[in-house]
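Contents: one structure, followed by commentary.
The values are calculated or read from the model by the stated rules, or taken from the named source; none is laboratory data. Remember, it's a predicted structure, so these values are computed and weren't measured experimentally. Note that we place each Cβ from the backbone using ideal geometry, even for glycine, and neighbour counts take in every protein chain shown. Only protein heavy atoms, including side chains, enter the accessible area calculation; ligands, DNA and RNA are left aside. Shrake-Rupley method; radii C 1.70, N 1.55, O 1.52, S 1.80 Å.
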Amino acid sequence: QVQLVESGGGLVQAGGSLGLSCAASGRTYATYGMGWFRQAPGKEREFVAAISWRVGSTYYADSVKGRFTISRDNAKNTVYLQMNSLKPEDTAVYYCAATRRSTLSSLKSEYDYWGQGTQVTVSS
């Protein structure tokens with residue numbers, strides 16, 4: 001059992017920055033990595049970025065590469081998503097997720113635990 005709680009969402013103007021946090025608790029030792037996904041109204045939930053706990057390997061969606069940075073603090077069992085140069089199309093509910101698999105994945109079906117989501121709104 002792993003519990004995930006996102007925080008840091010809010011309203012920001014286009015071109016601005018926002019940082020998200022995801023605090024993990026429970027059997028975090030049984031998970032390999034963490035991912036961030038987002039879902040806009042009427043759209044499918046899509047992959048944003050992922051990171052492994054042990055080595056810190058990262059994987060980004062093409063749409064955010066160069067603008068977003070995923071990181072983790074193992075001592076705090078927390079992962080972060082720093083979002084820069086935000087665009088209106090980044091507006092979505094952002095979810096963190098944990099996977100027990102030994103590779104990073106962009107597929108939501110590969111993740112075992114999910115947070116409740118936090119709203120990010122980017123105004124034009």
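Rounded to the nearest 0.05, what FRET efficiency do ARG101 and GLN13 have when you use their Cβ-Cβ distance and R0 = 35 Å?
0.40
Once the piece of chain linking SER63 and SER123 is laid out straight, how much longer is it, given 0.36 nm per residue of separation minus the C-alpha distance between them?
Fully extending the segment from SER63 to SER123 adds 19.8 nm.
Accessible area of the chain with a 1.4 Å probe: how many percent of it is carbon plus sulfur?
Reported share for carbon and sulfur atoms: 47 percent.
Determine by what factor the alpha-carbon radius of gyration of region 1-77 differs from 2.2 N^0.38 Å, reporting the quotient.
This ratio for region 1-77 stands at 1.17.
About the Cα centre of the chain, what is the dipole size in debye to 20, counting +1 per Lys and Arg Cβ and -1 per Asp and Glu Cβ, all else neutral?
Taking the Cα centre of the chain as origin, the dipole is about 240 debye.
Using a 7 Å offset from the Cα along the Cα-to-Cβ direction at both ALA23 and GLN39, what is the distance between the two label points in nm, to one decimal?
2.4
Could you tell me what % of all Cα pairs in region 81-124 have separations over 18 Å?
42
Mind checking the alpha-carbon convex hull of region 41-84 and giving the volume per residue in Å³?
93
Only residues of region 11-31 count here: report those whose backbone N is under 11 Å from the spot 7 Å along Cα→Cβ of ALA75, or say none.
In region 11-31, the label zone of ALA75 (backbone N under 11 Å from the point 7 Å along Cα→Cβ) covers no residue.
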